[in-house]
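Trainee: I'd like to ask some things about the structure below.
The values are calculated or read from the model by the stated rules, or taken from the named source; none is laboratory data. A quick note: this is a predicted structure, and the numbers were derived from the prediction, not measured. FYI the Cβ positions are ideal-geometry reconstructions off the backbone, even for glycines, and counts take in every protein chain you see. Calculation scope for accessible area: heavy atoms of the full protein, side chains included, ligands and nucleic acids excluded. Shrake-Rupley method; radii C 1.70, N 1.55, O 1.52, S 1.80 Å.
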Amino acid sequence: MASTTIGPELDWRLAVAVGALTALAVAASWVGRLGTALPSVRAVARATLQLLVVALVVTAALEHVWSSLLFVAFMFGVATITASGRVDARSSIHWIAASIGAGAVPVLLIVFGLGAAPFEPPTIVAICGIVIGNAMTGFTLMGRRSLAALRERFGEVEAALSLGFVRRRAMALVVDHDRPEALVPVLDQTRTVGLVSLPGAFIGVLLGGGSAADAAAAQLIVLVGLVAAQTITVVVGARLIAAGRILDHELRDRLPTA
């Protein structure tokens, strides 16, 4: 029987497959005139290097609970920096961290506090990484859409201000409209799990030797946790944007002082 082990014992077939898939993406970009051929190659090269480095770091992090928690803190920091860059709001990075943390921390406390997942290095790194990463994605989707809407519909904010609305309420009239869109991907994934795809947690448990029932249980707790984490992150992030705590440079210059 062929081994299903996934680890550092990599051979030429993986390299050929990665090269072929990269070439496929480049060819599609060239035929479709997307202009993403070079960025795709760079992204693949960066991902390869990062994964090799992360594999070494994670190996060390899995030795102890404290080292796994340290690695989780590192992941949270990277998620916050990435999200702040995506919405062009580096000066609001602490508020972005608060938004992502507001979504991720309660979920992780419930999952580990109730014993739904063992508080051990492998599950700490895996589940925390999934939850934090998805909270980051939820914030990014909401933040980009909300800030773009504020720039495009700034006249509505000014009109509301002229009618006597406080700034927070005037901005919320625009920001609150599109918030649910940020949750569409995670809700679609949750609705179609097992029908359209088998997500990573399910496959991971199976490859680790667990039963299908164990895999389903692990995937369920992860998916529900992601819905909760992203929902809280979107709500908190939108409130902070409406309050003027998270803004890009253009909006900071255009908005009157609260």
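Trainee: Of the heavy-atom accessible surface of the chain (probe 1.4 angstrom), what whole percent is carbon and sulfur?
Mentor: Here carbon and sulfur together make up 68 percent of the probe-accessible area.
Trainee: Any idea of the accessible area per residue across the chain, 1.4 Å probe, to the nearest Å²?
Mentor: Values: 15030 Å² over 258 residues.
For the chain, the per-residue accessible area is 58 Å².
Trainee: At 15 Å minimum axial length over the Cα atoms and a Kyte-Doolittle cut of 1.0, report the qualifying DSSP H helices in the chain, or say none.
Mentor: In the chain, the long hydrophobic H runs are 12-32, 37-61, 65-86, 93-113, 212-242.
Trainee: Further, regarding this structure: If I model a spin label at Leu49 and Leu114 as a point 7 Å from the Cα along the Cα→Cβ vector, what separation in nanometres do I get?
Mentor: Once both label points are built, they end up 4.3 nm from each other.
Trainee: Nearest 20 debye, what's the magnitude of the dipole of the chain about its Cα centre given +1 on Lys and Arg Cβ and -1 on Asp and Glu Cβ? Walk me through the intermediate numbers first.
Mentor: Numbers: 19 positive and 16 negative charges, 148 e Å.
That gives the chain a dipole magnitude of about 720 debye.
Trainee: Please check which bits of segment 75-96 a label hung off Leu38 would reach, taking the label as a point 7 Å along Cα-to-C-beta and the cut-off as backbone N under 17 Å.
Mentor: Output list for this probe position: empty.
Trainee: Specify the residue with the greatest mean-square fluctuation among Asp11, Asp176, Asp248, computed from a Gaussian network of the chain linking alpha-carbon atoms under 10 Å apart.
Mentor: Asp11
Trainee: Find, to one decimal place in angstroms, the Kirkwood hydrodynamic radius of segment 22-149, where the mean of 1/r is taken over every pair of different Cα atoms and then inverted.
Mentor: Across segment 22-149, the inverse of the average 1/r is 16.6 Å.
Trainee: Can you list, largest first and rounded to whole Å, the semi-axes you get for the chain by taking the square root of 5 times each eigenvalue of its Cα gyration tensor?
Mentor: One finds semi-axes of 37, 24, 18 Å for the chain.
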